[in-house]
2 protein chains.
Amino acid sequence: MKKQVKHVTIYDIAEKMKISPATVSRALKDHYSISKETTKAVKKTARNMGYLPNTLASSLRSNKTNTIGVLVSRVNRPFISSLISGIEEVANLEGYNIFISQSLDLEEKEIGNVKAMFSSRVDGLIVSLAMETTKFDHFEIFTDRNIPLVFVDRVPDEIEAEKIVIDNFAAAFEATEHLIEQGCKRIAHFGGAQHINVYHDRKKGYLAALQKHDLPVDEKLITYSNLGKDEGFSMTQQLLELENPPDAIFSANDTAAISAIQFAREKGIHVPNELAVVGFNDDYLASIISPSLTTVAHPAFEMGKIAASHLLEQKDKSDLVASKTTVLKTRFVIRESSVRDHR
Amino acid sequence: MKKQVKHVTIYDIAEKMKISPATVSRALKDHYSISKETTKAVKKTARNMGYLPNTLASSLRSNKTNTIGVLVSRVNRPFISSLISGIEEVANLEGYNIFISQSLDLEEKEIGNVKAMFSSRVDGLIVSLAMETTKFDHFEIFTDRNIPLVFVDRVPDEIEAEKIVIDNFAAAFEATEHLIEQGCKRIAHFGGAQHINVYHDRKKGYLAALQKHDLPVDEKLITYSNLGKDEGFSMTQQLLELENPPDAIFSANDTAAISAIQFAREKGIHVPNELAVVGFNDDYLASIISPSLTTVAHPAFEMGKIAASHLLEQKDKSDLVASKTTVLKTRFVIRESSVRDHR
DNA sequence: TTGTAGGCGTTATCAT
DNA sequence: ATGATAACGCCTACAA
């Protein structure tokens, strides 16, 4: 039976030092009104006694948790984990911790998570929407109370709030135009759920590029899925079985694009000459696969940093914060999967 | 100026219903002593008033946060993010949230994080050690108080606590022996920091396999690093420039192994015939790269699930928990990078 | 410079 | 079945 160590409180310190708990509390946070000697002595005693503050009590009283909530689809996706790293870097620098939860792309879970975040009184919330989400009133808990709320990447049009996004339309346009310049005439598109801004805008950019260059739009060449590995395979297979198959694919993410490359490789179809492929995200994989994948570099880490710093700025500005959207630059990275031999 | 919504408390509900806060509190948690009608009425009023519990207050009073702390090196690593997913799955099922923080492989940050976890009164802590960590007394805050503590993967020998690991020795032995069976005679090893159990054991397994097959150990073929992408390149380069270069590499992770493959590919060195490569972890990349990478599948997700469920079991057993180590099975995945043509 | 005392929102204890 | 009250640990006006 191990000895059970009790929690040391400011009262214990006060008692031992024959001073008041208030003085201890102030000394521990370097309150100006406490003398240097007292402060030093208190801190020393606290250390000796193994005192560690109870954040719960402190937060309850002060109405401040020094915690930022982060609500994402799932942490084990390259884009998301980089985003989180960016958030953490800034948060930590400012003395904040982060509280992460996953929606698993389910609306119901997202709603529960938002409530849980509120219940634990996070000082602000950063959200990238679940794939499934179509309603947004669960965020009113935060907006109604002017608790800082920042959306990242997958953002809702329907809410007035701070948003950090990339220009999906422009990036998709550039990517598609690049394929056209390579001489591709029948360009397919792997699209995501169209009620999500990012996938909607990417498709729009794709269509706009086709239109600009007077290429016809063939609905048979446009697919919708959640862009997973398996979907990538099956979509590629179906497209290549068409009587009039595509000569290029612009995929709304890298995962599906990579599956396309793998499928083509297995079938002996040359990438890029028979099938050019462009992805979106610039996952680490993109540079590793052979042929390497042309894609749109998504500044995930930076988005996280900006989201966190904007969130922390909101606190100060009280309630006159205009809803503001920050658009970050993407970078089009041309690699082997799209550059055709000169003919 | 937006209307500022106030927080609704159980007092507000009690007042409106002309009952006591105690009854409200009980009704909201389905306490057996409260009548069905009252319970139903309270819940309805709570919903109408937009009541959301204050977790801080509840936790402070009940001494229970329903939160599991997770302390890892960094979230944006494939192994870690899968581990976290596993933890979250189990935690959520049992009504727990998780609180994540990153040590960035720095001991000092790990120490701070452990204190912060304690201060926020997590009900238990799951840890994968920072690369830098060599002392372990910062965990005594938890062990002294019998707060459940589980180490995963990178675990300390020096602490009596629950541990979840894989058999790194056996896995490394099997991997190395496989290379020997392929006819490799000079097998190099990319090792990690040797004070970390996993890297230490992997090296031991490697050495044991060489010894069993009467192959000499050449220290020049053994490197130590943090096994990053860049290190993988430079180590491969250095090894291949030796007057007597290796014909195989067993790397303690996939990242460095993949760099080795890429380096060889660039230099026109045939993998596996001129240089066979085996990695460790089975990151998603391993199956994508060409030639695909032979590696040891590390059950990250399952480790997370087991860590969480063992942690939650500890709560019940009060203080007679024996320190226990659970060893999970790995799976050796043979792919192209190690299978030589028959000669 | 330091002390006193009330309160943050909830739950546990003891009563009715 | 319900109510009154204290307590969790800390912070902060107000007082001294």
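The values are calculated or read from the model by the stated rules, or taken from the named source; none is laboratory data. Quick caveat, the model's predicted, so the values are computed rather than measured. In this analysis, Cβ positions are derived from the backbone assuming ideal geometry, glycine residues included, and neighbour counts consider all displayed protein chains. Only protein heavy atoms, including side chains, enter the accessible area calculation; ligands, DNA and RNA are left aside. Shrake-Rupley method; radii C 1.70, N 1.55, O 1.52, S 1.80 Å.
Worth pointing out:
- Phi to ³J(HN,Hα) by Karplus 6.51 cos²θ - 1.76 cosθ + 1.60 over the range B:253-268, Hz, x for Gly, Pro: 8, 6, 3, 5, 5, 5, 4, 4, 4, 5, 4, 4, 4, 4, 8, x
- Exposure of B:LYS267 as accessible area (Å², to 10), given a probe of 1.4 Å and all protein chains: 120 Å²
- Compared with the dominant principal axis of the Cα atoms in chain A, helix A:36-49 is inclined by about 70°.
- Overall form of the protein assembly as shown per C-alpha gyration tensor (a/c, 1.5; a/b vs b/c): oblate
- Here the protein assembly as shown has 50 percent of its accessible surface on carbon and sulfur atoms, given a 1.4 Å probe and all protein chains in place.
- Net +/- balance of residues flanking B:LEU285 in space, Cβ distance below 10 Å, scoring K and R +1, D and E -1: -4
- Distance between the pseudo-spin-label points of B:SER287 and B:ASP30 (7 Å out from Cα toward the beta carbon): 4.0 nm.
- For the protein assembly as shown, the 222 nm mean residue ellipticity estimated from helices alone, with every DSSP H stretch of n ≥ 4 adding -39500 (n - 2.57) and the total spread over all residues, rounds to -13500 deg cm²/dmol.
- Listed peptides B:116-129, B:197-210 appear in the order B:116-129, B:197-210 once ranked by packing, highest mean of other Cβ atoms within 10 Å at the front.
- Packing-based ranking, highest mean first, of B:286-297, B:67-78 given that Cβ atoms within 10 Å are counted: B:67-78, B:286-297
- Of all beta bridges that DSSP places with both ends in the range A:168-298, some 0 percent have antiparallel geometry.
- Counting, for every residue in B:143-152, the Cβ atoms of other protein chains within 10 Å of its Cβ and taking the mean gives 2.
- Of the beta bridges in the protein assembly as shown, as assigned by DSSP with both residues counted there, near 10 percent are antiparallel.
- With coordinates expressed along the principal axes, the C-alpha atoms belonging to the range A:168-298 extend over 33, 32, 24 Å, beginning with the largest.
- For the range A:1-84, diffusion coefficient by Stokes-Einstein and Kirkwood Rh (Cα), 10 °C, 1.306 mPa s, µm²/s: 102 µm²/s
- Residue-averaged beta-carbon neighbours from other chains (10 angstrom radius) around A:277-288: 2
- Annotation: amide H of A:ILE222 within the under-5 Å range of A:HIS189, sequence separation 5 or more or interchain, hydrogens built in the peptide plane.
- Gap separating the Cα centres of the range B:27-77 and the range A:107-123, nearest whole Å: 12 Å
- Inter-chain Cβ neighbour count for B:75-87, averaged per residue, equals 5 (cutoff 10 Å, partner chain atoms only).
- A simple rule links phi to the HN-Hα coupling: the Karplus curve 6.51 cos²θ - 1.76 cosθ + 1.60 with θ = phi - 60°, which for the range B:285-295 gives 3, 4, 8, 8, 5, 10, x, 5, 9, 6, 7 Hz, with x for Gly and Pro.
- Accessible area per residue, Å², chain B with all protein chains present, probe 1.4 Å: 45 Å²
- Percentage of interatomic Cα-Cα distances in the range A:124-236 larger than 24 Å: 37 percent
- Label distances, nm, A:VAL333 versus same residue in remaining copies, Cβ-directed 7 Å point: 2.2
- One decimal place: the segment A:ASN244-A:TYR11 gains 75.9 nm when fully extended, by the rule 0.36 nm per residue minus the C-alpha distance.
- The range B:153-208 and the range B:86-104 have Cα centres lying 28 Å from one another.
- Size check on the range B:23-164: the Cα extents along the three principal axes, sorted descending, read 58, 32, 23 Å.
- The residues B:LEU215, A:LEU104, sorted by heavy-atom accessible surface at 1.4 Å with ligands and nucleic acids left out, run A:LEU104, B:LEU215 from largest to smallest.
- Applying the Karplus relation 6.51 cos²θ - 1.76 cosθ + 1.60 with θ = phi - 60° to the range B:7-17 yields 3J(HN,Hα) values of 6, 8, 10, 5, 5, 4, 5, 4, 4, 4, 8 Hz, where x marks Gly and Pro.
- Only beta bridges with both residues in chain A are counted; by DSSP, about 10 percent of them are antiparallel.
- Ranked from largest to smallest solvent-accessible area, with a 1.4 Å probe on the protein heavy atoms, A:GLU15, A:GLU302, A:GLU88 come out as A:GLU15, A:GLU302, A:GLU88.
- Relative packing of peptides A:173-183, B:17-27 - highest average C-beta neighbours within 10 Å first: A:173-183, B:17-27
- Kirkwood's formula applied to the C-alpha pairs of chain A gives a hydrodynamic radius of 22.8 angstrom.
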